[in-house]
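A quick write-up on the structure given underneath.
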Amino acid sequence: MLYIGCHLSYSKGYEAMGRQALEIGANTFAFFTRNPRGGSAKKIDNDDVNKLINIMTANNFGKLVVHAPYTMNLCSDNWDTRRFGKKIMSDDLMRMESIPGNYYNFHPGCHMKQGSDKGIELIAGQLNGILSPKQSTIVLLETMAGKGSEIGRNFEELRAIIDRTEYSDKLGVCLDTCHIWDGGYDIVNNFDEVIEEFDYTIGLDRLKAVHLNDSLNSCGSHKDRHAKIGQGHIGINAMINIINHPAIKNLPVILETPNDMNGYAREIKVLRENYSE
Ligand code: FE
Ligand code: FE
Ligand code: ZN
C-alpha cells in the first residue's frame with residue numbers, strides 16, 4: 001500500500017488536516033507541532049483528535065510523520081538553546097500521546113563549531129533525558145544534506161547517535177531523498193546499493209518513513225534545495241523506482257516539494273499511478 005501525503009497546516013486543528021488529506025488523495029501527512037520557529041503549541045482538543053483518528057481508521061491511513069520545529073537544535077553550542085530544544089521535544093512527545101503510535105521526525109542538529117563527535121554526544125545525551133520507555137511515539141532522526149555543520153550527513157552519524165541512546169528502541173530514521181542525494185548517495189543510479197549501505201550501517205528495521213523530494217542540485221552538493229517531483233536532478237524515474245522498492249513500499253512517504261495543495265494532489269496522483277501493489 002502506498003501511504004503518501006504532504007505537510008498540512010495545523011492551524012484549523014486535527015480533523016481539518018484529516019479532511020484536507022482526503023481531498024488531495026493522501027493517506028498520511030506531516031505537520032509541525034508548533035510554528036517552525038518553535039513558539040508555543042496549542043492546547044489539545046481531544047474531541048478534535050478523536051475525529052481525526054476516526055478519519056484515519058475509516059480510510060486506512062498510514063502512520064503520521066509529525067515534524068519538530070526546524071530551529072530546534074539539540075546540539076547547539078549554547079546551553080539555553082539546548083535546554084529549549086529539550087523542553088520542546090519533551091512537550092511535543094507528551095502531546096503526541098493523544099494520537100498514540102505515530103512518528104516524530106527531527107533534524108538531529110548543527111554542531112556549530114564544536115565538531116561532529118561533540119554534536120553526536122550532545123544529541124544522544126539530550127535524547128537520554130527526553131525518551132521514555134513508556135512512550136508510544138517513535139522518534140525519527142532525519143538524514144540531512146550536510147549543509148553547514150549539520151549532523152546526520154551520512155548513515156554513520158545517525159548510527160553513532162542511536163548507539164549512544166539508552167532507549168534506542170524508540171528511535172528510527174526518516175530518509176529524505178533530496179538530503180541523501182545532496183549528501184552524496186547516488187539514489188538515481190545505485191538505489192539498491194544505497195539501501196544495502198543503510199542496512200549495513202543502521203539496519204533496515206530502523207527505516208520508518210521517507211521524505212520524497214527532488215533536488216535542485218547535483219549529487220554531493222550539500223545544498224538542500226528541494227524541487228518538485230521530476231523537476232530536479234533526481235528525476236521522475238528514480239522517484240518511481242524509490243517508492244516501489246521493497247524496503248520503501250509500505251512506509252509513509254511525505255512530499256516536501258515546493259507546491260500548493262493542487263500541486264501536491266497532482267504529485268500524489270502521478271505517484272499513485274506509477275505504484276504497483
Ligand atoms: Fe525535515
Ligand atoms: Fe525532509
Ligand atoms: Zn530539506
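Farthest toward the positive end of the dipole of the chain, out of Ile123, Leu140, Ser76, is the Cα of Ser76, where the dipole comes from beta carbon charges about the Cα centre. For Lys113, neighbours were defined as the other residues whose beta-carbon sits under 14 Å from its Cβ, and their charges (Lys and Arg +1, Asp and Glu -1) total -2.
Percent antiparallel among DSSP beta bridges with both residues in the chain, to the nearest 5?
Values: 4 of 28 bridges.
The answer is about 15 percent antiparallel.
Taking amide hydrogens as placed 1.01 Å from N in the peptide plane, the amide H of Ser98 sits under 5 Å from that of no residue at least 5 positions away in sequence or on another chain.
Under 5 Å from the amide H of Ala227 lie the amide H atoms of Asp214, Ser215, Leu216, each residue being 5 or more positions distant or on a separate chain, with H modelled from the backbone and absent for Pro and chain starts.
The chymotrypsin sites (Phe, Trp or Tyr not before Pro) found in the range 137-224 that occupy coil by DSSP, while having at most 16 further C-beta atoms within 10 Å, are Tyr167.
Taking amide H as placed 1.01 Å from N in the peptide plane, Asp176 has its amide H under 5 Å from the amide H of Thr143, His211, each at least 5 places away in sequence or on another chain. Within straight-line reach of Lys86, meaning a Cα separation under 22 Å, sit the following lysines at least 8 residues removed in sequence or on another chain: Lys42, Lys43, Lys113, Lys118, Lys134, Lys170. Summing charges over neighbours of Gly263, with a neighbour being any other residue whose Cβ is under 14 Å away from its Cβ, gives -2 when K and R count +1 and D and E count -1. On a C-alpha basis, how far is the centre of the range 110-159 from the centre of the range 61-83 in Å? Whole number, if you could? Their Cα centres are 10 Å away from one another.
Based on alpha-carbon atoms only, what is the radius of gyration of the range 1-144 relative to the globular estimate 2.2 N^0.38 Å?
Working: Rg = 15.8 Å, N = 144, 2.2 N^0.38 = 14.5 Å.
Normalised Cα radius of gyration, the range 1-144: 1.09.
Just to be sure I understand: if I project the alpha-carbon convex hull of the chain onto a plane and average over all orientations, what area do I get in nm²? All intermediate terms of the calculation are to be shown ahead of the outcome.
Numbers: hull surface 52.2 nm².
About 13.1 nm², averaged over all directions.
Calculated mean residue ellipticity, 222 nm, the chain: -11500 deg cm²/dmol, from DSSP H runs (n ≥ 4) at -39500 (n - 2.57) each, averaged per residue and rounded to 500.
Where a number appears in this text, it was derived from the coordinates with a stated rule and is not lab data. Since the structure is predicted, the reported quantities are computational estimates derived from the model, not experimental observations. Every residue, glycine among them, receives a Cβ derived from its backbone with ideal geometry; neighbour counts consider all protein chains shown.
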